[in-house]
Each structure stands twice: as structure tokens, then as C-alpha cells.
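**Student:** Below is a structure I'd like to ask you about.
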Amino acid sequence: MSSLLIPKVIGHRGAKAYAPENTLSSIHAAADLGIEWVELDVKLTRDGVAVIFHDDELLRCTGADGLMKDLDWKDIQELDAGSWYGDSFIGEKIPTLEDALNVILDRGLGLNLEIKPCPGREKETAEVALDVASRIWPEDGPPPLISSFQHVSLETAMDMIPEWPRGFLIDEHLPDWRQLAEYLEAATINFNGNTATREEVEEYMELQKPLLAYTINDPEFARELMRWGVDGVFADNPDVIREAIETRH
Ligand code: G3P
Ligand code: MG
């Protein structure tokens, strides 16, 4: 397993508080703030193109009806993924994974790539995403952290590129989380920081892997989680959170 140097703050979906989530502008916004790593969600179009997008439905971030899994790339690339957010982002596109990786590498960012398959495409999404990422990501640099809520996606990642670290995502506490995390040889535990109890966090800590909490936009709560022993947080406003946790109180 590669050694992991994960910063205390990771920009969520780029830097979602400052630009439309999961777009190239959002990646640039994080880099412009001096943030070291971003988290992005990857899923597939109907014809199997890996794109950076969070929801199964297109509506919230493009205004279009329908599902990502029902449209081909030629139609997805026509959508406007910026105007819902603000006029200055009109015309922003849904990026392919390839385009996003090239910007990340150009900007010198680290990456947590979350495999976010549409239902039924857990294996295929991981296969395509890792195929694209392994072609582009340099072999001599720190690898991306590959995470997912979908255990099949993580299992596929483990089979394909075992040396890339895997983040085991937990939303609601799973009674068998430890067995699953051990089976998947998870390098990090990425848990819902807004719903986890202190007891659950202490249980996760017993695994002695980095603990990353999502999505923490409140500076005081970020400081509190750090006091609990959490190693890092995902934030929409990573500059604000970074300043809060770097300031001694
Ligand atoms: O990977 C952390 C976080 O992004 C997981 O939740 O729904 O924002 O992708 P979500
Ligand atoms: Mg995500």
C-alpha cells in the first residue's frame, strides 16, 4: 500500500462553495485557493464515458430532465452545468474524467476520486474510471485515493490497481464496517462527519487508518472533529476550514 500524505482539508467536489460543483472551474477554484487536494465524483454516461458528476439525475446541476445513465456523451456534452449556479458560469460543461485529471495534474493537485456509479453499474464504472485514470496519472507521483460507498466498486479497484489506496466510505454506521474495510484493504475511512457519533468515530479510530470526515463546512465543528482525532475533512469552503484548523484556540 502506498504511503499516504493526505492534507487536513480536501476541497469537496472541487471547491463547491465558489464554483459549480464537479466542474473544471471548481477544480481551478480550489487550486486558486492553494488547496492541495480535491474530491470529485465520477460516473458513466449511457455509452460508457467517465464523467465528473454527482447525481444520478441531471436536473439539479444542468436543468435537464432525465438520468445520466440514459444519455450518451454526445448529448451530455451539450448540457450547461454552470448556469444553475450563477451567470458567470454559463456554458460550463460537465467534464470528462480525462479532462478533469489533466487540469488536476496541470495545477499540481492531489485527488480523491469517488466512484459514484448509477445503480447497477458499480463494477463497470470502477473499471472505466480506473482505466482512464491509470492511463493519465503519472506512475512516479503520489497516487489518487479511490473511494466509494459501493463495495463492488472498491473490490474492482482492488483487483485492477491494488497499489492505489482505497477510501472506505461510510454514510450510516455499518455494523460490519470493520470486516468490510479489512477485506477491501481500505487505506482510509471516509465517514459522514455530520451524523457519526463520537463513539462511532472512536470505533473507526481503532483501525488505525486515517479518518476523513465529510462534509464539514462549519469551522468550529471542523476544529471539534480534529480534537476527536479525525485526520482530515472534506469541505465545500476548504479555505475557511483550513484557516480555522490552522488557527490555535
Ligand atoms: O467523498 C466524500 C463525499 O463526497 C461523499 O458524499 O454525496 O458528497 O459524494 P457525496
Ligand atoms: Mg463525493
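**Student:** May I ask you to verify whether residue 145 is without any contact (Cβ under 8 Å) to a residue 40 or more places away in the chain, open to solvent by less than 10 Å² (accessible area, probe 1.4 Å) and either among the hydrophobic types (A, V, I, L, M, F, W, C) or away from ligand 2 (no atom under 15 Å from the Cβ) (or both)?
**Tutor:** Answer is no for this residue.
**Student:** Scanning the stretch 21-67 for residues that are polar (S, T, N, Q) and within 16 Å of ligand 1 (Cβ to nearest atom), which turns out surrounded by the fewest Cβ atoms within 10 Å (Cβ to Cβ)?
**Tutor:** 23
**Student:** Name the pairs: first residue in the stretch 222-249 and in contact (Cβ under 8 Å) with a residue 60 or more places away in the chain, second residue within 16 Å of ligand 2 (Cβ to nearest atom) and of a type in the set (D, E, K, R), Cβ to Cβ under 9 Å, at least 6 apart or on different chains?
**Tutor:** 234/13; 234/39; 235/16; 236/13; 236/16; 236/21; 237/16
**Student:** Given (1) open to solvent by 50 Å² or more (accessible area, probe 1.4 Å); (2) away from ligand 2 (no atom under 16 Å from the Cβ); (3) under 26 Å from residue 60 (Cα atoms); (4) part of a loop (DSSP other than H, G, I, E, B), identify the lone condition not met by residue 88.
**Tutor:** All conditions pass for residue 88, except number (4).
**Student:** May I pose another question? Could you list all residues from the stretch 103-127 that are surrounded by fewer than 24 Cβ atoms within 10 Å (Cβ to Cβ) and free of Cβ contacts under 8 Å to residues at least 60 places away in the same chain?
**Tutor:** Once the filter is applied, which keeps residues that are surrounded by fewer than 24 Cβ atoms within 10 Å (Cβ to Cβ) and free of Cβ contacts under 8 Å to residues at least 60 places away in the same chain, the stretch 103-127 yields 105, 106, 120, 122, 123, 127.
**Student:** Within the stretch 29-80, which residues are more than 16 Å from ligand 2 (Cβ to nearest atom), small (Gly, Ala, Ser) and under 23 Å from residue 109 (Cα atoms)?
**Tutor:** 29, 31, 34
**Student:** I've got another one for you. Given the structure, is residue 212 under 20 Å from residue 7 (Cβ atoms) and in contact (Cβ under 8 Å) with a residue 24 or more places away in the chain?
**Tutor:** yes
**Student:** Same structure again: Name the one entry in 156, 188 that is buried (at least 18 other Cβ atoms within 10 Å of the Cβ), more than 20 Å from residue 231 (Cα to Cα) and of a type outside the set (Gly, Ala, Ser).
**Tutor:** 156
**Student:** Sort out for me the helices (runs of 4 or more DSSP H) sitting completely within the stretch 171-249 that have 2 or more residues that are within 18 Å of the chain's Cα centre (by Cα) and not acidic (Asp, Glu).
**Tutor:** So the answer is 238-246.
The values are calculated or read from the model by the stated rules, or taken from the named source; none is laboratory data. Everything numeric in this text was worked out from a predicted model, so none of it was measured. Please note: Cβ atoms are built from the backbone with ideal geometry, for glycine as well, and neighbour counts cover all protein chains shown. Ligands, DNA and RNA are stripped out before the accessible areas are found, and what is left, the full protein with its side chains, is counted by its heavy atoms. Shrake-Rupley method; radii C 1.70, N 1.55, O 1.52, S 1.80 Å.
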